[in-house]
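Let me begin by presenting the structure, written as structure tokens, before commenting on it.
The values are calculated or read from the model by the stated rules, or taken from the named source; none is laboratory data. Here the structure is a predicted model, which means the values were calculated and not measured. Don't worry about glycine lacking a Cβ; one is built from the backbone with ideal geometry, like all the others, and counts go over all protein chains shown. Areas reflect the complete protein model, heavy atoms only, side chains present, ligands, DNA and RNA absent. Shrake-Rupley method; radii C 1.70, N 1.55, O 1.52, S 1.80 Å.
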Amino acid sequence: MTGWVPTTCMRCAVGCGHLQRGADLGNGVDSVRGDAGHPTNRGLACQRGVSETADPDATFLTRPLVRRDGELVSTTWDVALGKVTEAMRVARERDPDSIGVLGSGQQTNEAAYALGKAARGAIGTRQYDANTTLCMASAVTAYYDAFGSDAPPCSYADVPEAESHVVWGANPAVAHPVFFRWVTDSARDGELIVVDPVETETAETADVHVRPDPGADLTLARAVLACVVETGRVDEAFVDAHTVGFDAAIADLPDVDAACEAAGVERRDVEALASALDAKTLLYWGMGVNQSTRGTATAGALIDLCLATGNLGEGTGPFSLTGQANSMGTRVCSSKGGWPGMRDYDDPDARAEVADAWGIDVARLPDDSGPGPVDMFEAVGDSIDVLWTVATNPAAGLPNAADAAERLDDVFLVAQDAFHTETVEHADVVLPAATWGESEGTTTNMERTVSRVRAVTDLPAGVRTDLDVIAAVANGVRRGTFERHPEPAAVFDEMTALTAGAPADLSGLSYDRLDDEGAVRWPAPDAETSVAYRYRDGDGWAFETRSGDARFSTGAPTDDLPEPTTDAYPLTLTTGRESDGYNTGVRSRGGDTAIPTVRANPADAADGDRVTVETRRGSVAAVVAADSAVPPGVLWLSIHHPATNRLTLPAVDPRSAEPNYKQCAARLVPRTDGADVPETSDAGAASEASD
């Protein structure tokens, strides 16, 4: 058995330090525990992070596979990579945009950077994104709108300093247990308010639980701002000195009572939220806000609440909660929405610097950042002929997933993953990649902290690291893009050098510094600096906007929700996390695809009812769990079941391209014959006439 190796948990975006130990015989992680010496968590660890690292309940991929006569069969790496690079070379010669690339928030910073270099530099495609757009793009856009740059201004150090904690559209008790412990510890001497239609595990611990109607978060947030203005709670000194756009933001605020009725809440709920903002407040939000056609506007409205009440500074601020372990690193490093360091995509100086560093003509780089994953998949099988997915599972994870899965059969699909996923089932070539405990690199948590990821066990025979595979594919398309087997440290140094002077400046980081300090927050522009609270300029502020001031949004709803209830579809379907699930469930369900459980209020269905959940896109067989935590008229399905997204809606936020996972019209149809119907079927066409 190896000794204990310090590393970082890749279960969620808290970024806890772990100690891991390899198995006595063969490969694999034998033991995992929290690292008391890590500055992020100081020894705390959640059981899911421990168990899913040491013993993932999944089917490992152990050899490259190619499709022959309709079946996936084992092959050699040379054959598999040869097929991939030949398909990409042919497609690229015809049109670089005929190749799509989809990355993940589960890669290391080094692998994310390499995939961006491969997609943008070697291939030159605009059809490139990552599954992080499916969960964080609306928060990202709102941060850019307000501060001129992405990522929370605050950090974990602010949690114990806060007096009031408002959790909006998030369930950190399930999604981020270690982080939530810090919140509840701080709230013992203060207040915890939770905004969520469902009585989640987080809401159960709250002092106040506000339950808006699904999709009404923007209306509620603007009602709170109207109440703040009406009751004289605006921090006029802060607003006047450090912000712009306040008058425009409040010019069309709703009447508080009318907005309460529209949001499905009582006036006392709005007054409780407005009152909470009188104290030093951290306002957290998650997928319940972001995953909406109004996601950017709602996230902007929450930032407005912080700005209007002066809740910016130590112990306060807007804090978006991230799901995937390295969503932040993907945004900083991968060139999917901005060049490394979050440089503006259309900045000619940044483009020239990237092209020079990569040794390519700047004209090879695409003109824009691309359409987002949902619109990208609209082109799969049409203008996209080759698709390369890395550590992601779009066949289960995209909205309207049955359509996405069908499209995978119409392209040359390259699936790179550690596990056998629903997407692998459609692949023409499968490239088996290393998982947690098998790779070297770094990751970046949701408070901007970079820390090391270390291998504790040798790679299994037949498996290569993500970084090594990406380099091989990129070199096959454009010779010399990478060293033949690039070292993670060398790639890290190349990447951080490109961020010098950028908003997300990592140029002061090195493996040696991370080894010495354990973890470092960016911006880190030199070997000593690590910024705790962003945008501070002495006792004042210097935001990364043209004026140097923070900007209010003008987020009045302009469109109806994309799919309101009707007589034919009288219920609202929403989705959420379970405590023992991981993303699309690949690491946590062990291949079990038994029919899901749908939570419904007892007024809508009885416990144990065998039903079909139907939307306009399809139907899924389910068993009812009657649960008063779910409000009447709402259905709740786990995001971790592969059938769930066959029901969800592919409408996206018009600015962030993030899908509207949290709200669509549905109905329950009893199954009385005692037999299970197929997990999904085409329910929409026959029923639309009755709508």
Query raised in the report: Of the numbered conditions (1) touching a Lys or Arg at 6+ places or on another chain (Cβ under 8 Å); (2) part of a helix (DSSP H, G or I), ASP129 satisfies every one except a single condition; which is it?
Result: (2)
Query raised in the report: Going by the conditions given, is PHE179 touching a helix residue (DSSP H, G or I) at 6+ places or on another chain (Cβ under 6 Å) and crowded, with 24+ Cβ neighbours inside 10 Å?
Result: yes
Query raised in the report: Name the residues in the range 617-648 that are under 12 Å from THR572 (Cα atoms) and touching a residue at least 40 places away in the same chain (Cβ under 8 Å), would you?
Result: VAL630, PRO631, GLY633, VAL634, LEU635, TRP636, LEU637, LEU647, THR648
Query - Near pairs, Cβ below 6 angstrom, 6+ apart or cross-chain, from the range 1-28 (of a type in the set (Val, Ile, Thr)) to any residue that is open to solvent by 20 Å² or more (accessible area, probe 1.4 Å) - result: THR2/ARG21; VAL5/ARG454; THR7/ARG454
Query - Unique match (being on the phi > 0 side of the Ramachandran plot and surrounded by fewer than 21 Cβ atoms within 10 Å (Cβ to Cβ)) among GLY548, GLY476, GLY540, GLY508 - result: GLY548
Report task. Starting from the range 589-612, take each residue that is surrounded by fewer than 17 Cβ atoms within 10 Å (Cβ to Cβ) and list its partners that are hydrophobic (A, V, I, L, M, F, W, C) and at pLDDT below 95, counting only C-beta distances under 7 angstrom and pairs at least six apart or across chains. Result -> GLY590/ALA58
Query raised in the report: Any residue at all in the range 51-58 that is polar (S, T, N, Q), touching a residue at least 24 places away in the same chain (Cβ under 8 Å) and under 22 Å from VAL586 (Cα atoms)?
Result: yes
Query raised in the report: Of the residues that sit in the range 402-443 and are farther than 19 Å from THR59 by Cα and of a type in the set (D, E, K, R), which one is most open to solvent (accessible area, probe 1.4 Å)?
Result: GLU406
Query raised in the report: So which residues in the range 385-401 are open to solvent by 10 Å² or more (accessible area, probe 1.4 Å) and either modelled with pLDDT under 95 or within 24 Å of GLY82 (Cβ to Cβ) (or both)?
Result: ASP385, ALA391, THR392
Report summary line: For the range 467-491, pairs from a residue that is under 19 Å from GLY441 (Cα atoms) and without any contact (Cβ under 8 Å) to a residue 24 or more places away in the chain to a residue that is in a helix (DSSP H, G or I) and open to solvent by less than 10 Å² (accessible area, probe 1.4 Å), with Cβ under 8 Å and 6 or more apart or across chains, are GLU483/ALA471; ARG484/ALA471; HIS485/ALA471
Report summary line: Taking the range 511-537 and keeping only residues that are open to solvent by 50 Å² or more (accessible area, probe 1.4 Å) and within 26 Å of VAL239 (Cβ to Cβ), one is left with ARG536, ASP537
Query raised in the report: Across the range 614-628, what is the number of residues that are touching a helix residue (DSSP H, G or I) at 6+ places or on another chain (Cβ under 9 Å) and open to solvent by less than 10 Å² (accessible area, probe 1.4 Å)?
Result: 4
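Could you list all residues from the range 402-426 that are among the charged types (D, E, K, R) and either outside any helix (DSSP H, G or I) or touching a Leu at 6+ places or on another chain (Cβ under 9 Å) (or both)? Working first, answer last.
Applying the first criterion (among the charged types (D, E, K, R)) to the range 402-426 yields 403, 406-407, 409-410, 417, 422, 425.
Hits for the range 402-426 are ARG407, ASP409, ASP410, ASP417, GLU422, GLU425.
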Query raised in the report: Is it true that some residue in the range 427-436 is over 22 Å from the mean Cα position of the chain (by Cα), in a loop (DSSP other than H, G, I, E, B) and of a type outside the set (Asp, Glu)?
Result: yes
Query raised in the report: Given the conditions (1) of a type outside the set (A, V, I, L, M, F, W, C); (2) under 20 Å from ALA357 (Cβ atoms); (3) crowded, with 19+ Cβ neighbours inside 10 Å, and given that GLU487 satisfies all but one, which numbered condition is not satisfied?
Result: (3)
Query raised in the report: Quick check: is even one residue across the range 657-669 in a loop (DSSP other than H, G, I, E, B) and modelled with pLDDT under 95?
Result: no
Query raised in the report: Taking interchain pairs and intrachain pairs at least six residues apart, which have beta carbon atoms under 6 angstrom, with the first residue in the range 159-178 and at negative phi and the second of a type in the set (Lys, Arg) and in a loop (DSSP other than H, G, I, E, B)?
Result: ALA162/LYS280; GLU163/LYS280; VAL174/ARG577; ALA175/ARG577
Query raised in the report: Picking from ASP55, ASP69, ASP78, ASP95, which residue would you name as being under 22 Å from ALA355 (Cβ atoms) and of a type outside the set (A, V, I, L, M, F, W, C)?
Result: ASP95
**Report entry** GLY317, sole failed condition from (1) under 28 Å from GLY49 (Cβ atoms); (2) touching a Cys at 6+ places or on another chain (Cβ under 9 Å); (3) open to solvent by 10 Å² or more (accessible area, probe 1.4 Å)
**Finding:** (3)
Requested in this report: Select from the range 635-675 the residues that are of a type in the set (A, V, I, L, M, F, W, C) and more than 30 Å from SER553 (Cα to Cα) and list them in ascending order.
Outcome: LEU635, TRP636, LEU637, ILE639, ALA643, LEU647, ALA666, LEU668, VAL669, ALA675
**Report entry** Qualifying residue in the range 29-52 (condition: at pLDDT 95 or above, out of contact with any helix residue (DSSP H, G or I) (no Cβ under 8 Å at 6 or more places or on another chain), open to solvent by less than 30 Å² (accessible area, probe 1.4 Å) and among the hydroxyl-bearing types (Ser, Thr, Tyr))
**Finding:** no
Requested in this report: Just give me the residues in the range 444-473 being over 30 Å from ASP158 (Cα atoms), part of a loop (DSSP other than H, G, I, E, B) and open to solvent by less than 20 Å² (accessible area, probe 1.4 Å), in sequence order.
Outcome: VAL456, THR457, VAL463
**Report entry** Every pair of residues 6+ apart whose Cβ atoms lie under 9 Å, when the first sits in the range 341-356 and is closer than 15 Å to PRO503 by Cβ while the second is open to solvent by less than 40 Å² (accessible area, probe 1.4 Å) and among the acidic types (Asp, Glu)
**Finding:** GLY341/ASP505; MET342/ASP150
Report task. From ARG294, ARG364, grab the single residue that is buried (at least 24 other Cβ atoms within 10 Å of the Cβ), on the phi < 0 side of the Ramachandran plot and among the charged types (D, E, K, R). Result -> ARG294
Query raised in the report: Is there a residue being in a strand (DSSP E or B), in contact (Cβ under 8 Å) with a residue 40 or more places away in the chain and not acidic (Asp, Glu) anywhere in the range 499-507?
Result: no
Query raised in the report: Taking the range 629-654 as the search range and keeping residues that are among the small types (Gly, Ala, Ser) and in a loop (DSSP other than H, G, I, E, B), which one is surrounded by the most Cβ atoms within 10 Å (Cβ to Cβ)?
Result: ALA643
